[in-house]
1. Computed over the Cα atoms, what is the radius of gyration of the stretch 98-231 divided by 2.2 N^0.38 Å, N being its residue count?
2. If I fit a long axis through the Cα atoms of helix 115-128 and take the longest principal axis of the Cα atoms of the chain, what angle between them do I get, 0 to 90°, rounded to 10?
3. Roughly how many percent of the accessible protein surface of the chain is carbon and sulfur, given a 1.4 Å probe and a whole-percent answer?
4. Select from the stretch 210-277 those chymotrypsin sites (Phe, Trp or Tyr not before Pro) which occupy a DSSP coil region and have at most 16 other Cβ atoms within 10 Å, ordered by residue number.
5. Semi-axes of the equivalent ellipsoid of the stretch 77-120: what are they in whole Å, largest first, if each equals the square root of 5 times a C-alpha gyration tensor eigenvalue?
6. Could you give the nm distance between label points at GLU224 and ALA193, where each point is 7 Å from its Cα heading toward the beta carbon?
7. Just flag the trypsin sites (Lys or Arg not before Pro) in the stretch 106-181 sitting in loop per DSSP whose Cβ has no more than 16 other Cβ atoms within 10 Å.
8. Counting only other residues whose beta carbon sits under 15 Å from that of LYS270, what net charge do I get with K and R as +1, D and E as -1?
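The values are calculated or read from the model by the stated rules, or taken from the named source; none is laboratory data. Please read all numbers here as calculations on a predicted model, not as lab measurements. Here the Cβ positions follow ideal geometry from the backbone for every residue, glycine too, while neighbour counts run over all protein chains shown. When the accessible area is computed, the model is the full protein with side chains, heavy atoms only, and any ligands, DNA or RNA have been set aside. Shrake-Rupley method; radii C 1.70, N 1.55, O 1.52, S 1.80 Å.
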Amino acid sequence: MYRLAEKVLGYDLLSLCLEGPRDVLDRTQHCQPAVFVASLAAVEKLNHLQPEVVERCVAAAGYSVGEFAALVFAGALGFAEALYAVKVRAEAMQKASEAVPSGMLSVVGRREANYKFACLEARKHCESLGIENPVCTVSNYLFPDSRVIAGHLQALEFLQENARKYYFKRTKMLPVSGAFHTSLMEPAVEPLAEVLKSIEIQKPLLCVYSNVDGKKYMHSKHIEKLLVKQVVSPVLWEQTMHSVYERKQGTEFPYTYEVGPGNQLGAILKQCNLKAWKQYKHVDALEDEEAVDT
């Protein structure tokens, strides 16, 4: 997979993942393809260790760029074509990020927190500084009382300075270059739409849930449309978790596998649904097999 990725991307992704440098890997244009390939490499590893898990899988979901990996896993997209689309998406989002000083702020709020009101006041603050059409909005719904707010840097700085007023318990700037999943990513829409038009998209072989509305993809045109919309729409991950794990009282929860780098989605699942989390495992493509077995 990494050899094929090198042909599609034009650089050695594997050595960048294993050896860095870290700041180059963290750049959007490299980070997104790296997450995509590492996620699918972890699926291959899981298939090697426990083939019955992959065979019996009934649903998949991916967070942001992970949605492309979920769709490849479900047979809707081919690996090389999807990786090329991810490359175009990542480069376009990197370019959009560089056009405006913007970022993303992770927020854990109290029950009383009103995120919409906080964003509105932050936009007004930006207008007072002479910024036209300022952007400040919730870009990721993670779990109850946790959001990511994205937009102009001045708006995010304002929110950090006034965190107590808005009942924010914790705020932390994320190490990303731009305001992903907001209207500031509008310049990335057209390049991604163009590349998706040229790719053959199939109906998924199993349920795949969309970030845009937290519902299952229905058909290929639906996938094409929502993958483009996802770039400028908030990631409804908390809502997706509720869709995936909604079941009648007394029904058993399925096994859940997080495949790929990091186990943040497991941490979010624990906050969204503790019973579902008890059947959760993480599979990283880079860990040795003994560590997974234990």
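1. Against the compact-globule rule of thumb, the ratio is 1.20.
2. In the chain, helix 115-128 runs at an angle near 50 degrees to the longest axis.
3. Carbon and sulfur: 51 percent of the exposed surface of the chain.
4. Listed in order of number, the matching sites are TYR255.
5. 33, 16, 8
6. Here the answer is 1.2 nm between the modelled labels.
7. Values: sites: ARG110, ARG111, LYS116, ARG123, LYS124, ARG147, ARG164, LYS165, LYS169, ARG170, LYS172; in loops: ARG110, ARG111, ARG164, LYS165.
Qualifying residues, ordered by number: ARG110, ARG111, ARG164, LYS165.
8. Cβ neighbours under 15 Å give a net charge of 0.
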